[in-house]
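Notes to accompany the following structure.
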Amino acid sequence: MLLDTIAGPDDLRALDFNQLEQLAEEIRETIVRSVAATGSGHLGPNLGVVELAIALHRVFESPRDIILWDTGHQAYVHKLLTGRREGFATLRQAGGMSGYPSRRESEHDWIENSHASTVLSYAHGLATAVDQAGTDRRVVAVIGDGSMTGGMAYEALNNLGHSGTRVLIVLNDNGRSYAPTVSRLSEGLSRLRLHPGLKRGRTRIEQMLRDLPALGPIAYSSLQGVYAALREVLEPHAFFEALGVRYTGPIEGHDIAGVEDALRAASTYEGPIVVHVLTQKGKGYAPAEDDDEKCLHDVGGVFDPEEGPPEGGWALKGYTQAFSETLIEAAAADPRIHAITAAMPGPTGLIPFEAQFPERFHDVGIAEQHAVTMAAGLAMGGLRPVVAVYSTFFSRAFDQANLDVGLHGLPVVFAVDRAGITGDDGPSHNGVLDMALASRIPGMTVFAPSSVQEVRGMLRTALSLDGPALVRWPKGAPRSVDASLVGSGLEALRVRAGSEAVCILAVGKLVGPALDAASLLGEAGVDATVWDVRVVKPLDPAMLADAARHDLVVTVEDGVRVGGAGSLIADAMSALGHEGTVMQLGTPDSYIPHGKQDAILASLGLDAAGIAASVQSALALRATTA
Ligand SMILES: Cc1ncc(C[n+]2csc(CCOP(=O)(O)OP(=O)(O)O)c2C)c(N)n1
């Protein structure tokens, strides 16, 4: 394999274009095999940037020149070209290679990322620093058309154009975000060029015109004139140039020599310049190319690379599915309900809603802040918006949730998926802040369902409230329970009655492990009471009063220990004059590296054994200090 001979970018420069094509093929195969074997990771985005990454590493001298990847999910090729082939066997596994650029892994990686639309801002800062140091290192920022829909990208462009800072921006335009990108900017000629049907049609028309005897060449050249005129109207150059950023392109992104030429030419420019590169997401792997919706953006399980993923992809998982179905039922009965996603209609479970209520569905692009304030506007206008968002991306719109929704007391429902530890994607994707953040918003009701049944009920309750509400559920295998373990309204639910020694107040996903911990404790002669907190804010006074009768109160949550549900409970307990101990279990004040969700929770003491052990040691401490 040629790939085995690539220890770093220098080795690329020794290859001719035929060899580079072979290398591109080997890279695609390596990526498909690794992602299929580990059953997790980003496929389509990486297959689309193989030639682009090769060209970048031949033209620029990383790490002396600084190559930055927006979002970072498409950096696998970059990793392969910078000496990390071995790491692909452990992609996204605990202790193994990260699914994103990682400073710990390589001097070629600058950003610990995964949240979109930031790269132009990093580039602006780095280029300013490079300039002050008086060096001629080039700063290159690769950003997708999807990530260009995020507000930060515009803020940075505006600032780059104004300051004239020398940054080379590669706009990697594949027409896709998670789903087709919602942006007028990347529509137009680029779409015409990329669309395989139209492309074939165009080639046929060109051929027919060329073949016409006598008239052929003239007709063909006037067709070129039409294309040129179309470019003027449809290309996004006017947009960039109006901001003071030079525009070049669009160029075919799978032609290494062509991309290299464009990069070399642009690299001599002294200010900010965009090289618009057209690529095909999922290029070279038929199951990804054939996936019209998301081009196998990411995968949801192990699969055979020869066969491709299961027919129809991976089914919606339990909690997301419960949300999706309940929202549709509610929306059928209430025409005021609208659903909003920030570029993630599939993963948040909104595609069935979109199919049924297209005019009440809004994909706003990777624009969480806009999504939330738009929801505020919808609610001001008398509608009932639901913002479906991953917990980790909710953080980005905290100010909007606080002031635009909270301050106005508007009935916006935040449907927060992938809350708590998510695992594979690493520190930036864990959803450990939502309860701490949302519970700081006055008037916000915060629900933490512990089962699929609770997701359904809580969503209905949230939609019936007069003010803002947030319902947060975890990633992964759903817990399903019988009716006796399902609460109602804003009440907490006592799920196990014990003696007055220990009371465990468990939140959301950790109710199951807390009950299992109580069983373990029972075997050791400790008869614990367990409550499903259900509503983190406002806390149920009946639960607090019952907990106050216990010597040891233990709170358990899959969110930050400091400032989360446990903190609220401890505060409330002291206000009640509780004289016993309140021990708070939750995630630590640190960034948690990637690994499997359950293994991480266990390592943090947030599984049944860990909770039971914490209770035992707190009891032992109380015994020695009593
Ligand atoms: C702030 C934020 N919201 C949502 C996401 C989820 N997400 C990951 S990749 C992606 C699409 C990115 O599209 P694009 O930049 O065009 O890159 P492509 O995958 O097409 O190469 C989205 C929405 C994210 N990473 N960051």
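What follows is calculated from the coordinates using simple rules that are stated; it is not laboratory data. Computed from a predicted structure; not experimentally measured. Here the Cβ positions follow ideal geometry from the backbone for every residue, glycine too, while neighbour counts run over all protein chains shown.
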- Note on the structure: Placing +1 on each Lys and Arg Cβ and -1 on each Asp and Glu Cβ in the chain, then taking the dipole about the Cα centre, the residue among H338, L515, V32 whose Cα reaches farthest towards the positive end is H338
- So what's region 508-569 giving for Rg/Rh, alpha carbon basis, Kirkwood Rh from the mean inverse pair distance? 0.96
- Beta bridge orientation in the chain: antiparallel %, DSSP, nearest 5: 15 percent
- Row for region 359-424, column shape: gyration tensor on C-alpha, a ≥ b ≥ c, rounded if a/c < 1.5 i.e. under 1.5, prolate if a/b over b/c, else oblate; value prolate
- Quote the charge dipole size of the chain about the Cα centre in Debye, to the nearest 20; the model charges only the Cβ of Lys and Arg (+1) and of Asp and Glu (-1). 700 debye
- Compactness ratio of the chain: Cα Rg over 2.2 N^0.38 Å, N = residue count? 1.06
- State, to one decimal in nm, how far the label point of S603 lies from the label point of Q22, with both points 7 Å from Cα in the Cβ direction. 4.1 nm
- If you take the square roots of the eigenvalues of the alpha-carbon gyration tensor of region 387-463 and sort them as a ≥ b ≥ c, do you get rounded (a/c under 1.5), prolate (a/b over b/c) or oblate? oblate
- Query: Mind listing P(r) for region 132-184? All alpha-carbon pairs, 10 Å bins, whole percents.
  - Reply: 21, 47, 24, 7, 1
- Query: Given H placed 1.01 Å from N in the peptide plane, which residues other than close sequence neighbours of H338 have an amide H under 5 Å from its amide H?
  - Reply: R384, V386
- Query: Charges only on Cβ, +1 for Lys and Arg, -1 for Asp and Glu: so what's the dipole of region 58-161 about the Cα centre, in debye to the nearest 20?
  - Reply: 320 debye
- Quick one: Kirkwood hydrodynamic radius for region 401-525, alpha-carbon pairs, angstrom, one decimal? 15.9 Å
- Task: Sum up the charges of everything whose Cβ sits under 10 Å from the Cβ of G44, counting Lys and Arg as +1 and Asp and Glu as -1, but leave G44 out.
- Result: +1
- In terms of Cα to Cα distance under 24 Å, which lysines are near enough to K475, apart from those fewer than 8 places away along the same chain? K294, K317, K509, K537, K596
- Item | Radius of gyration and maximum dimension Dmax of region 539-626, Cα, Å | 14.0, 41
- Item | Proportion of all alpha-carbon pairs of region 439-500 beyond 21 Å (%) | 28 percent
- Item | Note, ³J(HN,Hα) from phi for region 480-487, Karplus 6.51, -1.76, 1.60, rounded to Hz, x at Gly and Pro | 10, 9, 8, 4, 5, 9, 10, x
- Would you grab the residues whose amide H sits under 5 Å from the one on V495? Only those 5+ places off in sequence or on another chain, please, with H modelled 1.01 Å from N. V530, W531, D532
- Query: Using just the C-alpha positions of region 1-120 as equal point scatterers, what log10 of I(q)/I(0) does the Debye formula give at each q in 0.17 1/Å?
  - Reply: -0.80
- Quick one: if the Förster radius is 35 Å, what FRET efficiency do S484 and A575 give, using the C-beta to C-beta distance and rounding to 0.05? 0.70
- Note on the structure: Farthest towards the positive end of the dipole of the chain, among H362, V530, Y319 and with Cβ unit charges of +1 on Lys and Arg and -1 on Asp and Glu, lies the Cα of H362
- Note on the structure: By the C-alpha gyration tensor axes a ≥ b ≥ c (rounded if a/c is under 1.5, else prolate when a/b exceeds b/c, else oblate), the shape of region 339-468 is rounded
- Using alpha-carbon pairs under 8 Å, 6+ residues apart, how would you state the relative contact order of region 33-98 in percent? 41 percent
- So what is the 222 nm mean residue ellipticity for the chain from helices alone, if each DSSP H run of at least 4 adds -39500 (n - 2.57) and you divide by all residues, rounding to the nearest 500 deg cm²/dmol? -12000 deg cm²/dmol
- 1/(1 + (r/R0)^6) with r = Cβ-Cβ of S163 and H408, R0 = 41 Å, i.e. FRET efficiency to nearest 0.05, evaluates to 0.70
- Note on the structure: Output for region 423-502: GluC sites (Glu not before Pro) sitting in coil per DSSP, at most 15 other Cβ within 10 Å, listed by number, reads E491, E500
- Message: Placing unit charges on C-beta atoms (Lys and Arg positive, Asp and Glu negative, everything else neutral), compute the dipole magnitude of region 248-337 about its Cα centre in debye, rounded to 20.
- Response: 420 debye
- Note on the structure: Output ordering of 344-354, 91-101 (per-residue mean of other Cβ within 10 Å, highest first) is 344-354, 91-101
- How long are the three semi-axes of the equivalent ellipsoid of region 43-87, in whole Å, if each is the root of 5 times an eigenvalue of the C-alpha gyration tensor, listed from largest down? 16, 12, 10
